[in-house]
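Participant: First, the structure itself, so that you have it in front of you.
The values are calculated or read from the model by the stated rules, or taken from the named source; none is laboratory data. Keep in mind that this is a model prediction, so the values were computed, not measured. Cβ: placed from backbone, ideal geometry, glycine included. Neighbour counts: every protein chain shown.
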Amino acid sequence: MHKLRFTTAGESHGRTLCGTIEGIPSNMKLAADDINHDLARRQKGYGRGGRMKIESDSVQILSGLRWGATLGSPISLLIENKDWPNWERGMSIDALDTGAIDPVVRPRPGHADLAGALKYDQDDVRNILERSSARETAMRVALGAIAKKFLAEIGIKIYSYVIEIGPEKAYLEPFVTEASSDNFSDSSSDSFSDNLSDNLSDNFFEKFYENLFDRAEASELRCPDNDASERMKYEIDLAIKKGYSLGGVFEIAATGVPPGLGSHVQWDRRLNARLGKAIMSIQAIKGVEIGLGFEMARRPGSEVMDEIFHGPGGYYRETNNSGGIEGGISIGMPVVLRAAMKPIPTLRRPLKSVNIRTHEPMEAAYERSDVCAVPAAAVVGEAMTALTLADEVLIKFGGDSMAELKRNLEGYLNSL
Ligand SMILES: Cc1cc2nc3c(=O)[nH]c(=O)nc-3n(C[C@H](O)[C@H](O)[C@H](O)COP(=O)(O)O)c2cc1C
């Protein structure tokens, strides 16, 4: 049923991460730099561990392109792990290197370590943690960058920003007022994608999310609220000092999404369900809300439904509490979701664990680790949102070339 398929492979300290994506139509321009930009964004953030400082990821595109444009064939990617020379024997695929480094025998609570070791019959936890590590998300971000480029061609943009870290919350209310005022100048453009997004999304929302995103890009914590950002940094400094870790909440908004992605007719075709699965698949994500989410449950129905209006531009809504999805179908408003990330489970002051060979009580193992990675998780969230929406666009509009896809989309929009 999926029109866009992707997989990743690779261990955290293995030679490389690899990924393939199949279903991107032909004749889309793409370059490694389009992907490297997002790889760098994933590596940023106050509170990241030592690895981010020693490694700066860059991608090699191995197939699916010729002379800077997609062929419609599978695109395969490779990211080298720059730390590989230090792990060449410890993570070797060759049986001759067996035992080159000590086994990990103290599973970390909150990781796949113990459950994975039991399930895969391992007495060295490294055989689990190397793949369960969120290092894998570098490849998801690379594949997601391709999906984002594809979506941008038809006017769909994906934004992310951090709204909570530990006990601290961003205050976004002032940005609503900012977007409603005339502080922004309208840039008119006659390109297909610009016209499309102008037609599809209310200008207010476009400005609102663009502003939040621009502020997030300039912030060490991807947080649009500078005051909150300072308080969050203080909390992270405290966590570093005391040896614990922090989680938080990020928000994703996709603008320019046409009405009609996803479907009410079957459980696994509902757009909210697909996005929920995609976001929940990110390491450490423990909750997803669409639109008002849990807050919707607390308010009366008269306050939370988005009333329907009709004007010269067609149907419109003045609110977007549904997060752009009703009955599992996009309604033409921005798709908005929030994700909760638990605190990083590897702690410098380790928790209690048990040696899996002797069953003696011991402290959990410590591997170099982030203290807070919510900003990075937000960038991974953008990637998973983009991959899901790109698949839904292809399911709805099809097309083997970009020109065919755009024709199909334009025909549909004109028919609405
Ligand atoms: C971008 C990102 C970076 C992460 N960095 C670390 C890290 O440095 N150390 C760590 O212990 N966990 C880190 N995690 C979280 C773990 O990968 C995750 O909690 C673990 O694999 C267990 O999965 P679960 O929390 O989904 O149950 C990170 C997660 C993400 C999304």
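Participant: Give Lys207, Lys277, Lys233 a once-over and let me know the one that is away from the ligand (no atom under 16 Å from the Cβ) and within 28 Å of Thr346 (Cα to Cα).
Facilitator: Numbers: Lys207 fails: within 28 Å of Thr346 (Cα to Cα); Lys277 fails: away from the ligand (no atom under 16 Å from the Cβ).
On inspection, the qualifying residue turns out to be Lys233.
Participant: Same structure again: Which one is farthest from the ligand (Cβ to nearest atom), of the residues in the range 322-332 that are assigned to a strand (DSSP E or B) and in contact with a helix residue (DSSP H, G or I) (Cβ under 7 Å, 6 or more places away or on another chain)?
Facilitator: Pass one, the range 322-332, residues assigned to a strand (DSSP E or B): 325-326, 329-330.
Applying the additional criterion that residues be in contact with a helix residue (DSSP H, G or I) (Cβ under 7 Å, 6 or more places away or on another chain) yields 325, 329-330.
On the way: Ile325: 24, Ile329: 29, Ser330: 26 Å.
So, considering only residues that are assigned to a strand (DSSP E or B) and in contact with a helix residue (DSSP H, G or I) (Cβ under 7 Å, 6 or more places away or on another chain), the one farthest from the ligand (Cβ to nearest atom) is Ile329.
Participant: Just give me the residues in the range 1-46 being of a type in the set (S, T, N, Q), under 14 Å from Asn81 (Cα atoms) and assigned to a loop (DSSP other than H, G, I, E, B), in sequence order.
Facilitator: Residues satisfying the conditions are Ser12, Gln43.
Participant: Separate question: Among the residues of the range 153-184, which ones are of a type in the set (A, V, I, L, M) and more than 19 Å from Phe208 (Cβ to Cβ)?
Facilitator: First, pick out the residues of the range 153-184 that are of a type in the set (A, V, I, L, M): 154, 156, 158, 162-163, 165, 170, 172, 176, 179.
Those that are of a type in the set (A, V, I, L, M) and more than 19 Å from Phe208 (Cβ to Cβ): Ile154, Ile165.
Participant: Among the residues of the range 49-92, which ones are surrounded by fewer than 18 Cβ atoms within 10 Å (Cβ to Cβ), in contact (Cβ under 8 Å) with a residue 24 or more places away in the chain and among the basic types (Lys, Arg)?
Facilitator: The answer is Lys82, and nothing else.
Participant: Return the total of residues in the range 236-265 being within 16 Å of the ligand (Cβ to nearest atom) and without any contact (Cβ under 8 Å) to a residue 24 or more places away in the chain. Lay out the reasoning, then the answer.
Facilitator: So in the range 236-265, the residues within 16 Å of the ligand (Cβ to nearest atom) come out as 236, 239-240, 243-252.
Right, trim to without any contact (Cβ under 8 Å) to a residue 24 or more places away in the chain and you get none.
Total meeting the criteria: 0.
Participant: On to the next question. So which residues in the range 93-121 are surrounded by 15 or more Cβ atoms within 10 Å (Cβ to Cβ) and either within 16 Å of the ligand (Cβ to nearest atom) or part of a strand (DSSP E or B) (or both)? Talk me through it step by step, then tell me what you get.
Facilitator: Initially, the range 93-121 is screened for residues surrounded by 15 or more Cβ atoms within 10 Å (Cβ to Cβ), giving 104-108, 110-114, 116-117.
Val104, Arg106, Pro107, Arg108, Gly110, His111, Ala112, Asp113, Leu114, Gly116, Ala117 - these are the residues of the range 93-121 that are surrounded by 15 or more Cβ atoms within 10 Å (Cβ to Cβ) and either within 16 Å of the ligand (Cβ to nearest atom) or part of a strand (DSSP E or B) (or both).
Participant: For residues that are under 14 Å from Lys396 (Cα atoms) and in contact with a Ser or Thr (Cβ under 6 Å, 6 or more places away or on another chain), tally how many sit in the range 239-258.
Facilitator: Of the residues in that region, 1 qualify.
Participant: Now a separate question. Would you confirm, using the coordinates I've provided, whether Arg48 is in contact with a helix residue (DSSP H, G or I) (Cβ under 9 Å, 6 or more places away or on another chain) and either modelled with pLDDT of 95 or more or of a type in the set (Ser, Thr, Tyr) (or both)?
Facilitator: Numbers: in contact with a helix residue (DSSP H, G or I) (Cβ under 9 Å, 6 or more places away or on another chain): yes; either modelled with pLDDT of 95 or more or of a type in the set (Ser, Thr, Tyr) (or both): no.
No: the conditions fail for Arg48.
Participant: For a quick check of your reading: which strands (runs of 3 or more DSSP E) sit entirely within the range 202-321 and have at least 3 residues that are more than 16 Å from the chain's Cα centre (by Cα)? Working first, answer last.
Facilitator: Working: elements: 248-255, 285-290, 308-311, 314-317.
Per the criteria, 308-311, 314-317.
Participant: With respect to the numbered conditions (1) within 16 Å of the ligand (Cβ to nearest atom); (2) surrounded by fewer than 20 Cβ atoms within 10 Å (Cβ to Cβ), which one is the sole condition not fulfilled by Asp400?
Facilitator: (1)
Participant: Within the set of pairs 6+ apart or on separate chains, which have a first residue in the range 266-285 that is on the phi < 0 side of the Ramachandran plot, a second that is at pLDDT below 95 and not in a helix (DSSP H, G or I), and C-beta atoms under 9 Å apart?
Facilitator: Qualifying pairs under 9 Å: Asp268/Met1; Arg269/Met1.
Participant: Take the range 122-143 and flag every residue that is within 14 Å of the ligand (Cβ to nearest atom), part of a helix (DSSP H, G or I) and in contact with a Ser or Thr (Cβ under 8 Å, 6 or more places away or on another chain).
Facilitator: Matches in the range 122-143: Leu129, Glu130, Arg131, Arg135, Glu136, Met139, Arg140.
Participant: When you look at Leu151, is it touching a Ser or Thr at 6+ places or on another chain (Cβ under 9 Å), modelled with pLDDT of 50 or more and part of a helix (DSSP H, G or I), yes or no? Outline the logic, then answer.
Facilitator: Details: touching a Ser or Thr at 6+ places or on another chain (Cβ under 9 Å): no; modelled with pLDDT of 50 or more: yes; part of a helix (DSSP H, G or I): yes.
So Leu151 does not fit the description; no.
Participant: Further question: Name the strands (runs of 3 or more DSSP E) wholly within the range 333-373 that hold at least 1 residues that are acidic (Asp, Glu) and within 16 Å of the ligand (Cβ to nearest atom)? Full working, then the answer.
Facilitator: Values: elements: 335-341, 352-354, 361-363.
Answer list for the range 333-373: 361-363.
Participant: If I ask for residues that are buried (at least 20 other Cβ atoms within 10 Å of the Cβ) and either touching a helix residue (DSSP H, G or I) at 6+ places or on another chain (Cβ under 8 Å) or among the β-branched types (Val, Ile, Thr) (or both), which ones from the range 257-273 would you list?
Facilitator: Restricting attention to the range 257-273, the residues satisfying the condition of being buried (at least 20 other Cβ atoms within 10 Å of the Cβ) are 257-258, 261-262, 271-272.
Listed by number, the residues that qualify are Val257, Pro258, Leu261, Gly262, Leu271.
Participant: With touching a residue at least 40 places away in the same chain (Cβ under 8 Å) and within 17 Å of the chain's Cα centre (by Cα) as the only criterion, which of Ala364, Ala390 stands out?
Facilitator: Details: Ala364 fails: within 17 Å of the chain's Cα centre (by Cα).
Every option except Ala390 fails the conditions.
Participant: Here is a follow-up. Out of the residues in the range 160-196 that are in a helix (DSSP H, G or I) and at pLDDT 80 or above, which is farthest from Leu221 (Cα to Cα)? Steps first, please.
Facilitator: Quick first cut of the range 160-196, residues in a helix (DSSP H, G or I) only: 173-180, 192-196.
Retained after the next criterion (residues that are at pLDDT 80 or above): 173-176.
Working: Glu173: 19, Pro174: 19, Phe175: 18, Val176: 21 Å.
Ranking the candidates gives Val176 first.
Participant: Here's something else I'd like to know. Please go through the range 7-46 and pick out each residue that is closer than 17 Å to Gly381 by Cα and among the basic types (Lys, Arg). So that I can check it myself, show each step before the final result.
Facilitator: So in the range 7-46, the residues closer than 17 Å to Gly381 by Cα come out as 7-8, 35-45.
Listed by number, the residues that qualify are Arg41, Arg42, Lys44.
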